[in-house]
Structures are given as structure tokens and as C-alpha cells.
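Structure record follows, encoded as C-alpha cells.
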Amino acid sequence: MQSLSQSPRDPAFVQNPYPFYEKMRSAGPLVHWQDYDVVCATHYATIDTILRDRRFGRAPIAPIQVPPHLKPFYAVEAHSMLELEPPDHTRLRGAVLRAFTNRRIKALRPEIEALCDELIDTFPNEPFDLLETYGRPLPARIIARFLGVPEGDWQRLVDWSKRMVAMYQSNRTREQEDVAAAAAQSFSDYIKIQIDTKRSTPDDSLISTLLTAHTAEKLTEHEVISTCILLLNAGHEATVHTFGNTVKTLLDFRLSPQVGETFINGILRFDPPLHLFERIAYETVEIEGQTFNPGDRVALLLASGNRDATAFKNPNSFHPDRTDAKPLSFGAGIHFCIGAPLARLELEIALNRLWERKPNLKLLGTPQYADIYHFHGLESLRVTT
């Protein structure tokens, strides 16, 4: 197995990581990334296989040694569906799926359309940041409604979310850790207040649904708190990055969107919001000639698999009408993104509405990607209409 080096903080890599991914794929389906000291899966088929292989998972084998200053953050992580395996994962996911039904998601269409129009009506005549004015508030306000928390609190929720997800970035600092821990504590305290309110006055919100789960799916208060935080953090950050990356791509290629499932698959493949996701081996497993022992980590380079020529014709070109393999961006297997239907609906409506209302949208300058790897999203998106 070859070993390659590339700093994830290198400005050139931040702006365009895809040449390095191509170099890794050329080196083989499994490559050692020196800067992370981890084996990476780089080919589409290998990544897809590991995502679906139950001998790999997210939950650590040995308890994590948590430093005191990070206890509030890991108190949330300990009950997060994303970091669990069956049977706890099955119980939590089953409870959330009672709220994330296709019928309930589809019923949100008029609300999302109305909110898009409301936000577009606020666009100024002078140049502005489309992410801050449209891309960021839209998913935050929708998820606030879905959770059943006051919609007017969306900015606080976003601030806590941004501070917490910094923990997943490469080379985080002690200052970022302290900020993330404080945000986790504040976010948890806030959700606990909402839980108390829903217990006394239940409604049809996600929080009420989780609190009234059937006995077999009964959630503890800590699990409800962690689930709400996960849905906001994952659902908001990824959707904002996907929206920004999509608008940039459309304007770069001078395309007008006709957004449906095929188009969204195309953009999720071409420039996804999350590039790397880890799995842990639970038993001795051989993949592509490499032996993984219990506790070994493997990094799944989703964005590399999405540019694999064995799965996608002309992989470095953006074709919104592709019908080849499905992108890896939402994952696969039991950890497939539970919020994918809502994210798809938000993106479809937000993009179509934007181009219907503002067909002369133009970029101002060249948007820059933020230094937030493993995430991949823009610092800002300055436009005129």
C-alpha cells in the first residue's frame, strides 16, 4: 500500500482537493494518508463496500478518554445516533423515522416555498452574500419548525451548530475545543427547556414525537437532546454547503437549474459538502488485500469515490442529467443520512425558486472555499441580481 502526504490546510488543497484525490486513486483503492496517519478508501466500489459492511461501524471499541474541558461536547456525542451501532442505533433511528416520514416531508413543500419567497423578497439591490441572506436561514428555520423550537431562535441554533461542528475539522485548536464545549452545553440546556415545554404542551413536532415514542423505542432525555442537536448540526451545515457549492457550479458553467432528483445527485457527486467519513473495524477484516484488525480506523474519501472513472463517465465534468452510479455523499448502509429526503426537498425548492425569481443572478469575484476540512463549503457567496 502506498503512502502519500498532503496537508488538509494547504490553501491550494482547500480550494481544489480533487487533483490529490485523483493521485490517491491512481495509487490504489486503499492508500495511507500520512498527515492523518490513517488508511483511506479512495475507489467508489471499496468505499461503498465498507459503508455497507457491518464489520465496520462508528462506535469506538474502547471508551474514549475525554479531557475535562471537552466533557460537555462528548456528553452529547455519547448519545448521538451517528456514533452508535445496533441495538441503540436501531432504537434511535426507528424513533426518528416516525417523524421523518415521506408524507410529512412532502407536506412541508408549501412552507418551504413560502419561506423561499419571503427570504428572496428581502434581497437588497446592491451586492450581497447569498449564503447569509438565503442559503443559511432557510434550512435553519425549517429545521427549527420541524423540531418544534421557536423559529426566531434560528440564529442562536446556527451559532451553536457552527461552533460544535468545528470539532470535526482537521487540526482544530484548543480555543475551538473550548468554544465547541461551551456551545454543546448551551445547546443542551436550550433543548432541555424545549423538552420541558413539550411535556406540558405536546404537539406534532419532532421533539414531541421523540418524547412519545413507543416503549420499544423509548428515548432517554439525553438521547432526545443529542438527537435534536445532531439533526440541526448535520441537516443545517451540509445543506448550506451544498446550496453554496451548487450555485457556484451553476454560475461557473452558466447553467439554469431544472432541479429534481437527478440534478441533485449530480451536484452531490460533483462537489459534495462532506469529503471524509471514518469507520472502525470491529473484527479482523481483509479488504483489497489489506488486513484491518479490531479498532483499526479507515477513512472513507466520499468525494474521491464520487470522481472515480470506473463508476462515473467523465468524472471531472459536471453533467446535471447523469444516470450512472448514485453518489456516495449521503452514505450507505444503516448510517445512510436520515435527513436526505428533507435536504433534497429544500435544495430542489430553494434553487428552482431562486432562478425563477432572480434569473439574472451573477457572481461577484471568485468564491473561496473555507478552511473547514473534512467539510467543503464556501466562505461566502457574493452576488448581484
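Identify, by number, the condition in (1) charged (D, E, K, R); (2) closer than 20 Å to Glu278 by Cα; (3) surrounded by 16 or more Cβ atoms within 10 Å (Cβ to Cβ); (4) modelled with pLDDT under 95 that Asp88 doesn't meet.
(3)
Please find, within the range 1-15, the residue that is nearest to the chain's Cα centre (by Cα) out of those that are in contact (Cβ under 8 Å) with a residue 24 or more places away in the chain and part of a loop (DSSP other than H, G, I, E, B).
Out of the qualifying residues, it is Pro8.
Among the residues of the range 96-124, count how many are more than 26 Å from Ile225 (Cβ to Cβ), free of Cβ contacts under 8 Å to residues at least 40 places away in the same chain and not hydrophobic (A, V, I, L, M, F, W, C).
Count: 6.
Here are some residues: Ala299, Ala303, Ala311. Which one is farther than 23 Å from Asn233 by Cα, at pLDDT 95 or above and buried (at least 20 other Cβ atoms within 10 Å of the Cβ)? Quick ask: steps written out before the conclusion?
Numbers: Ala299 fails: farther than 23 Å from Asn233 by Cα; Ala303 fails: farther than 23 Å from Asn233 by Cα.
None of the others qualify; the one that does is Ala311.
Considering only residues of the range 255-290 that are under 23 Å from the mean Cα position of the chain (by Cα) and in a strand (DSSP E or B), which is surrounded by the fewest Cβ atoms within 10 Å (Cβ to Cβ)?
Here the residue is Glu278.
Kindly indicate which of Leu30, Leu51 is in contact with a Lys or Arg (Cβ under 8 Å, 6 or more places away or on another chain) and buried (at least 20 other Cβ atoms within 10 Å of the Cβ).
Going through Leu30, Leu51 in turn, the sole match is Leu51.
Condition first: within 23 Å of Lys162 (Cα to Cα) and either in contact (Cβ under 8 Å) with a residue 60 or more places away in the chain or not acidic (Asp, Glu) (or both). Now tell me which residues in the range 73-95 satisfy that. Outline the logic, then answer.
Applying the first criterion (within 23 Å of Lys162 (Cα to Cα)) to the range 73-95 yields 73-84.
The answer is Phe73, Tyr74, Ala75, Val76, Glu77, Ala78, His79, Ser80, Met81, Leu82, Leu84.
Could you say whether any residue in the range 169-182 is among the acidic types (Asp, Glu), without any contact (Cβ under 8 Å) to a residue 40 or more places away in the chain and surrounded by 14 or more Cβ atoms within 10 Å (Cβ to Cβ)? Break it down stepwise before answering.
Our first condition is that a residue be among the acidic types (Asp, Glu); within the range 169-182, this holds for 175, 177-178.
After this cut, where a residue has to be without any contact (Cβ under 8 Å) to a residue 40 or more places away in the chain as well, the list is 175.
Narrowing the set further to residues that are surrounded by 14 or more Cβ atoms within 10 Å (Cβ to Cβ) leaves none.
No, every residue in the range 169-182 fails to be among the acidic types (Asp, Glu), without any contact (Cβ under 8 Å) to a residue 40 or more places away in the chain and surrounded by 14 or more Cβ atoms within 10 Å (Cβ to Cβ).
Looking at the range 299-354 only, could you name the residues that are in a helix (DSSP H, G or I) and basic (Lys, Arg)? I'd like the intermediate steps shown before the answer.
Applying the first criterion (in a helix (DSSP H, G or I)) to the range 299-354 yields 302-305, 333-335, 340-354.
Arg344, Arg353, listed by residue number.
The values are calculated or read from the model by the stated rules, or taken from the named source; none is laboratory data. Quantities reported herein were computed from a predicted structural model and do not represent experimental measurements. In this analysis, Cβ positions are derived from the backbone assuming ideal geometry, glycine residues included, and neighbour counts consider all displayed protein chains.
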